[in-house]
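Written below as structure tokens is the structure these notes are about.
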Amino acid sequence: MAEFAFPIVDLAPWYAGRDGRSSVADRVRRACETIGFFAVRGHRVAPATIDAMRSTSRAFFDLPLSQKLLVARPRPEQNRAYHAEGTETLARLAGNDSPPDFKEVFAIGPPDVPADDPWYHSIPGAYPNYAANLWPDEPADFVAAWRSYWSAMEQLQDTICRIFADALDLPDDWFVRHLDRHCSMLRALNYPQQNERPRPGQLRAGEHADLGMLTILKNEAADGGLEVRDLDGRWHEAPVVEDGFIVNIGDLLMRWTNDRFRSTLHRVANPLHGNGARRLSIAYFVAPNYDSLVECLPTCQAPGNPAKYPPVTVAGYRNERFARTAA
């Protein structure tokens, strides 16, 4: 594939204080306005937190299928628990269809939802964003590792959203205000060796754009990985940044910014050589409060550039579209 300029942003100057913040925001702005993807280093997520998340996720996927199915996804619209291979088709998010993705998934939503607060349970739009998580009994340290990783992602989400606000000439906490009761999702995706030849059109994950605000991805080097489509329709391999994370813009943020920030099509390709190596990705999908109204930002419209999209709530945009992906 042709060389692809993929921005890698060091967050250390942002954490250092005011003098470094404008340079970080400028780099992120340029990335979001062009390819909609960038990588971050200097993120302050402890290596031990990442290692525990990876090791417990692999151990879970190594369990017998019968054991994993004890915590199978309860309903198609609930992005929770175990999704067996052949039960998800991400191409449907882009209005396409294909054979089911060549992967299996374990997913959780917010882990500490108040049981007695109707805002999380009975107000229209709440379901399925705060549906109960299903946790496996094995491995023994699974829950602790996932909870720790979730907390680390919440902190990184806060930082990145403040950078976005700065990049868009908004108050520092503009997006953070919409995340105090966020309905984000954390997914571990296991792409197994392909011992059977893929069906025509079948990929490890079909071509799609993400539904939420942004995604924070921890990927790893293996044959058959993440690919990003450029403006000319060409596909490029995303880099594996061992000490960093890949960040991409989702549809909600593209709508908020009146298409100024790009939600870019991407996919996970099949291995090029034989069965390919097993591959694990960990994706944290940032979604604001379900009742947040997504409408054109004041700094992203002008007399000659009116709002392109009608206002929509987070729940109104995401729920029905995600349910389509269930095979």
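Report the rotationally averaged projected area of region 217-313 based on its alpha-carbon convex hull, in square nanometres.
For region 217-313, averaging the hull's shadow over all directions gives 8.4 nm².
Bin all alpha-carbon pair distances of region 1-145 at 10 Å intervals from 0 and give each bin's fraction as a whole percent.
Final binned percentages: 9, 23, 28, 31, 9, 0.
Show me 61-71, 121-131 ranked by packing, highest mean number of other Cβ atoms within 10 Å first.
121-131, 61-71
What order do you get for 251-262, 303-314 when each peptide is scored by the mean count of other beta carbon atoms within 10 Å, highest first?
251-262, 303-314
State the dimensionless ratio Rg/Rh of region 85-233 (Rg: radius of gyration of Cα atoms; Rh: Kirkwood radius).
My calculation of the ratio gives 0.99.
Quick check: Cα centre of region 26-92 to Cα centre of region 224-239, how many Å?
Taking the Cα centre of region 224-239 as reference, the centre of region 26-92 is 19 Å away.
Plugging the Kirkwood radius over Cα pairs into Stokes-Einstein for region 1-79, at a temperature of 4 °C and a viscosity of 1.567 mPa s, what D comes out in µm²/s?
This corresponds to a translational diffusion coefficient of 79 µm²/s.
What does the convex hull of the Cα atoms come to per residue for region 96-174, in Å³?
With only Cα atoms used, region 96-174 gives 199 Å³ per residue.
Using protein chains only and a probe of 1.4 angstrom, how many square angstrom of E242 are accessible, to the nearest 10?
Surface accessible to solvent at E242 totals approximately 120 Å².
By the gyration tensor of its Cα atoms, with a ≥ b ≥ c the square roots of the eigenvalues, what is the shape of the chain: rounded for a/c under 1.5, prolate for a/b over b/c, or oblate?
Rounded shape, in that the Cα axes give a/c under 1.5.
Distance from the Cα centre of region 286-315 to that of region 247-272, in angstrom?
16
Under a 5 Å amide H to amide H cut-off, with H placed in plane at 1.01 Å, what residues pair with D10 once short-range neighbours are removed?
R41
Hey, which lysines would be in cross-link range of K103, C-alpha to C-alpha under 21 Å, not counting anything within fewer than 8 residues on its own chain?
Partners found: K68, K218.
Once the principal axes of the Cα atoms of region 109-150 are found, what is the range along each, listed largest first in whole angstroms?
36, 16, 16
Evaluate the charge dipole of the chain about its Cα centre and quote only its size in Debye, nearest 20, assuming +1 on the Cβ of each Lys and Arg and -1 on the Cβ of each Asp and Glu.
So the dipole magnitude of the chain works out to roughly 440 debye.
Most mobile of A269, A48, A115 per a Gaussian network model of the chain (Cα springs, under 10 Å)?
A115
How much mean residue ellipticity at 222 nm does the chain get from its helices, if each DSSP H run of length 4 or more adds -39500 (n - 2.57) and you divide by all residues, to the nearest 500 deg cm²/dmol?
After summing the helix terms and dividing by residue count, I get -8000 deg cm²/dmol.
Given Cα pairs under 8 Å that are at least 6 residues apart, what percent is the relative contact order of the chain?
That works out to 23 percent.
At a probe size of 1.4 Å, how large is the accessible area of H178, to the nearest 10 Å²?
Per-residue accessible area (H178): approximately 40 Å².
The values are calculated or read from the model by the stated rules, or taken from the named source; none is laboratory data. This one's a predicted model, so the numbers in the text were calculated from it and none came from an experiment. Cβ atoms come from the backbone with ideal geometry, glycine included; neighbour counts cover every protein chain shown. Note: accessible area is taken over every heavy atom of the protein model, side chains too, but ligands, DNA and RNA are not part of it. Shrake-Rupley method; radii C 1.70, N 1.55, O 1.52, S 1.80 Å.
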